Number of protein chains: 2
Amino acid sequence: MGTIRVTLADVARSAGVSQTAASFVLSGRRKEMRISAEVEARVLRAASETGYRPNIVSRSLRTGTSHTIGFVSDTVATTPFAGHVIWGALDAARDRGHLLFIGETEGDPDLERQLIDAMHDRGVDGIVLASMYTRKIAVPKTLMDRPAVLLNAVPTTRSWIPSVVPDEVEAGRTVVRVLLDAGHRDGIALIGAAPPNQVPKGSLAGVQRLQGITEALHDAGVNLAGAVPCVDWQPDIGYDATRRLLKKTMPSALICFNDRVALGAYQALADAGLDVPADVSVVSFDDDLMASWVRPQLTTVALPHYELGREAINVLLEEDPQRRSNRPPPIHRIPMPLRERDSVRRLPSSQRRARAATVA
Amino acid sequence: MGTIRVTLADVARSAGVSQTAASFVLSGRRKEMRISAEVEARVLRAASETGYRPNIVSRSLRTGTSHTIGFVSDTVATTPFAGHVIWGALDAARDRGHLLFIGETEGDPDLERQLIDAMHDRGVDGIVLASMYTRKIAVPKTLMDRPAVLLNAVPTTRSWIPSVVPDEVEAGRTVVRVLLDAGHRDGIALIGAAPPNQVPKGSLAGVQRLQGITEALHDAGVNLAGAVPCVDWQPDIGYDATRRLLKKTMPSALICFNDRVALGAYQALADAGLDVPADVSVVSFDDDLMASWVRPQLTTVALPHYELGREAINVLLEEDPQRRSNRPPPIHRIPMPLRERDSVRRLPSSQRRARAATVA
DNA sequence: CACACGTGCTGATTCGATTTAGCACGTGTG
DNA sequence: CACACGTGCTAAATCGAATCAGCACGTGTG
């Protein structure tokens, strides 16, 4: 306890050389300073014998880089979402020799600014600003001075700040492909949004999932059997929307805009005496925990939390050189993997052959 | 972008005074240096006009305190447990002007050491070492050099390091009190552990919950109607244990050693045609999410995640003075609050009067 | 032999704040 | 008038590593 730290000066003295020599050896740049192999050996030996560890605070003051990253999110760790994002960020940071500060804003812009400033005061190399759900955010001015990345968010204001977001458009295409591949065609209906752009207010995910879905359907020459928008993607609202749909038409497959909506749809279908997937197939988005709890387990396209966290760190640490170029800020889209479970029925091969014929 | 930071020297120059004067004014110690009110005003004005913010890296190098804390846990944020602990730690840290590094060891001692060292290298003021579940841990040597606190763990080795843990003994007393208050007396049985010390291997919580329970029962002069230990506190094991109990006796109330065990007990009771709470009351520990999902909702004693996180930070930041005293390291026990829900039946007042008479 | 040049290292400065030591000036005291 | 003492401030050292600017010594070249 209270062990005094070994400094570079100690190592240099113990190796009988100057601090400069020791410094260059230990940073692996001995050739640059033309340090002899013999001196190198002495320094390395002294360093390992004394148990020298460089003081990063000091290095940071001199060089301006701290091997430290700030991670600021509106909600930290109380949801599995945020948990896995942080997990990915931690892993990526560790792989690259960085440590992570974390902070939670609770959605308060003042707190957000204070946290960002507090991190900058501590010399972080950059900041990841993360959002719970995908949306556009006004980038705090205080974030603009130094390297930064938005996670699960895109900037409203003009800025050079890169974003890392799930590839929702492609996910929309994916769910359509799943249904088409299983032989569904004319009975596909949407729960949670409707073309051309009826989505929950402020929901970027809604817009993009819908875009992917409509594009994929259009490419296949398929028309929707129906579509009921929701003001919010919650189970009870999804329940009501599904009941309304069933009054007008009998779908063969539902695309629900997230797993909570799908849960509501499950209940409405059950109430109507319909079986999933025998009578109606269901596909969805997010891969919430509940997706594997419900019976039948839900086929859904997962939000790639862990990968989002990883990629945000990687983008941040590679971001500097191209900064301030006049191109629009890069948006990195992370694939959303399909989790195939038990809520989609493969139609009998006769029908599938029919479809194959149509396509050909 | 790339805005150059204002330094103390800039502020001093702009106020027309020395750095020393500016420094003492800004740290609120002007009387100590006998700085005039007029100079104070000039400095404060210059600081706010230039938007000066102290460089904490530099301060840290000089003073050795960084207003930064390391939080190392075996599992970070992927469970609501860890999430709420971190949430509490973040709040406490913010309240005291500190920022939190976090790190995850995945149970790997090497990684643990590396993380602790990396944090020390960055000049953290102290480290919280957190464990997913309450247990004894070997304190890493590298943790001993500087302030530290164990969270949800107590040291096996002799060390001065304080611990913050849930007050499991008192929680044991609490569940007994709930049952006694509701009029239960002779029909109380345990699922998950049995006196004197049959608990899942390595489970500190088991030992302490059992201790509290047996003490409270003894104080009330009540004997157990039965007790079935479990090798692990999982639903299926709780299910089996409950079935075994029911073959021997008909309890009026079960004390389950955690909520997962209680879930198994619910199923076994249902299979036996018994209603909760009409036929059998159930109380438990942890307040897992599932405790409010099951029907009837489960009366349980909650693990105080948020408070554990808060208290760990508070203890850490107040820990220095008494350090290295020869007394054993302090163990801070955090109360586990009772969540009264619907799984306990109040016995008819006749029986309760009978009990009151017995006691009197 | 004079001088350039390469080799192998060292001394001193820097980053930005904190802090110790001490200086100049005025006022009161014997 | 000499001298102590209080007041209000400044200069310079310090924390630990990185790094710029050289210095000494040998070797080769004209």
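Values in this text are rule-based calculations from the coordinates and carry no lab data. Predicted model only: the values in this text are computed from it and were never measured. All Cβ positions, even for glycine, are placed from backbone atoms using ideal geometry, and neighbour counts span all protein chains on display.
Only Lys, Arg, Asp and Glu carry charge here, each on its Cβ (+1 for the first two, -1 for the last two); on that basis the protein assembly as shown has a dipole of about 1060 debye about its Cα centre. In this assembly of identical copies, the label point of A:Met250 (Cα plus 7 Å along Cα-to-Cβ) is separated from its counterparts by 5.1 nm, sorted shortest first.
For a paramagnetic label modelled on A:Ile331 (point 7 Å from Cα along Cα→Cβ), amide N atoms under 18 Å away belong, within segment A:190-221, to A:197-216. Taking θ = phi - 60°, what integer Hz values does the Karplus form 6.51 cos²θ - 1.76 cosθ + 1.60 yield along segment B:105-118, in sequence order, with x for Gly and Pro? Here the 3J(HN,Hα) series is 9, 6, x, 8, x, 5, 4, 4, 5, 4, 5, 4, 4, 4 Hz.
Cβ crowding within 10 Å, taken as a proxy for footprinting-reagent exposure, orders A:Asp110, B:Asp259 from fewest neighbours to most as A:Asp110, B:Asp259.
Could you tell me which of rounded, prolate or oblate describes segment A:180-297, using a ≥ b ≥ c as the square roots of the eigenvalues of the alpha-carbon gyration tensor, with rounded for a/c under 1.5 and, failing that, prolate when a/b is larger than b/c and oblate otherwise?
Rounded.
Coupling constants for segment B:287-304 follow from the phi torsions by the Karplus curve (6.51 cos²θ - 1.76 cosθ + 1.60, θ = phi - 60°), and in residue order they are 6, 3, 3, 4, 4, 9, 8, 5, 10, x, 4, 8, 7, 8, 9, 7, 6, x Hz; glycine and proline get x. Dividing the summed helix terms, -39500 (n - 2.57) for each DSSP H run of n ≥ 4, by the number of residues in chain A produces a 222 nm estimate of -13000 deg cm²/dmol to the nearest 500.
Classified by the C-alpha gyration tensor, segment B:164-240 has an oblate form. Its axis ratio a/c, with a ≥ b ≥ c, is 1.5 or above, and a/b does not exceed b/c. By the beta-carbon count within 10 Å of each Cβ, the least crowded to most crowded order of B:Thr300, A:Thr156, B:Thr68, A:Thr50, fewest first, is A:Thr156, A:Thr50, B:Thr68, B:Thr300. Basic side chains Lys and Arg get +1 at the Cβ, acidic Asp and Glu get -1 at the Cβ, and with that the dipole of chain B about its Cα centre reaches some 900 debye.
The share of Cα pairs per 5 Å bin across segment B:8-54, counted from zero up to the longest distance, runs 5, 28, 40, 21, 5, 0 percent.
Its Cα centre serving as origin, segment A:8-54 has a Cβ charge dipole (Lys and Arg +1, Asp and Glu -1) of approximately 100 debye.
For B:Glu318, the label point sits 7 Å beyond Cα toward Cβ; its separations from the matching points on the remaining copies run 4.8 nm, from shortest to longest. Whole-Hz Karplus values for segment B:252-260 come out as 9, 7, 10, 9, 9, 7, 7, 6, 5 Hz, taken residue by residue from phi with 6.51 cos²θ - 1.76 cosθ + 1.60 and θ = phi - 60°; glycine and proline positions read x. The DSSP beta bridges internal to the protein assembly as shown are antiparallel in roughly 10% of cases.
How would B:Cys230, B:Cys256 line up from fewest to most surrounding beta-carbon atoms within 10 angstrom?
Final ranking by Cβ density, sparse to dense: B:Cys230, B:Cys256.
The length gained on full extension between B:Asp275 and B:Arg158, counted as 0.36 nm times the residue separation minus their Cα-Cα distance, comes to 37.2 nm.
Simple rule: put +1 on each Lys or Arg Cβ and -1 on each Asp or Glu Cβ in segment A:8-54, find the dipole, and look at A:Gly16, A:Thr50, A:Gly28; the Cα lying farthest toward the positive end is A:Gly28. Here's how it looks for A:Phe71: its modeled amide H is under 5 Å from those of A:Phe101, A:Ile102, A:Gly103, A:Val128, which are all 5 or more places away or on a different chain. Projecting the Cα positions of B:Leu245, B:Ile255, B:His218 onto the charge dipole of segment B:198-299 (unit charges on Cβ atoms of Lys, Arg, Asp and Glu, taken about the Cα centre) puts B:Leu245 furthest along the positive direction.
Let me make sure I get this right: for the protein assembly as shown, a, b and c are the square roots of the gyration tensor eigenvalues over alpha carbons, sorted descending. Under 1.5 in a/c it's rounded, otherwise prolate if a/b > b/c, else oblate. Which is it? Here the protein assembly as shown falls in the oblate category. Placing a label point 7 Å from Cα along the Cα-to-Cβ axis, A:Ala272 is separated from the same position in the other copies by 4.3 nm, shortest listed first. Between the residues A:Ala189, A:Val282, A:His120, the greatest Cα displacement towards the positive end of the dipole of chain A, with unit charges on the Cβ of Lys, Arg, Asp and Glu, is found for A:His120. Amide H contacts of B:Leu151: B:Leu129, B:Ala130, B:Ser131, B:Val164, each under 5 Å away and 5 or more positions distant or on a separate chain (H built 1.01 Å from N in the peptide plane; Pro and chain starts excluded).
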